[in-house]
Structures are given as C-alpha cells and as structure tokens.
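The numbers here are math on the coordinates, done by the rules we state, and not lab data. Treat the numbers as computed from the prediction; the structure is a model and nothing was measured. All Cβ positions, even for glycine, are placed from backbone atoms using ideal geometry, and neighbour counts span all protein chains on display.
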Amino acid sequence: MTTQAPTAHTLIKCHEIQADFTLSRATIYRWMKEGKFPKPIHLGANMVRWKKSDIDNWLAEKEAV
C-alpha cells in the first residue's frame, strides 16, 4: 500500500480549523463575513469544507505581516 502526501484538494472540517487555530466557530464565520478568512466550499445543504491550500495561503499571509 502506498501513502500519498496531502494534495491541494485536501478538505478541512470546521472543527479541525477550530482546534488548529484555537478559534471559535463564530469567529471563523465573522471573519469570513468581513473578508478576513477564506470562504468554504459548500458540499451539501449542511456541509462545508475549506481547501487546505486556501487555509495554508491565509496563514502564510498572516505570517508575512
């Protein structure tokens, strides 16, 4: 069996972002509304995921400041 590295198409759940960055769900959605956080992909009526590449780019921008 081969293990593949995560690709740009890796999707992240909200609770994973909350845990990784110690953010509340409300903060994530407020920042999205203000244009300060990447928008998710809507996969269903009640399902959203963020592209790992979008989150990585957002973090790189924050580190550059």
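Loop-only GluC sites (Glu not before Pro) in region 3-65, please: DSSP not H, G, I, E or B, and at most 12 other Cβ atoms within 10 Å.
Glu34
What net charge do the residues around Met32 carry, taking every other residue with its C-beta under 12 Å from that of Met32, with Lys and Arg at +1 and Asp and Glu at -1?
Within the 12 Å Cβ shell, the charges total +3.
Taking one equal scatterer on every alpha-carbon of the chain, how large is log10 of I(q)/I(0) by Debye at q = 0.18, 0.23, 0.26, 0.27 1/Å?
Calculated log10 I(q)/I(0) at the listed q: -0.71, -1.09, -1.32, -1.38.
Can you show me the helix-derived [θ] at 222 nm for the chain, built from DSSP H runs with n ≥ 4 at -39,500 (n - 2.57) apiece and divided by the number of residues, rounded to the nearest 500.
One gets -13500 deg cm²/dmol as the mean residue ellipticity at 222 nm.
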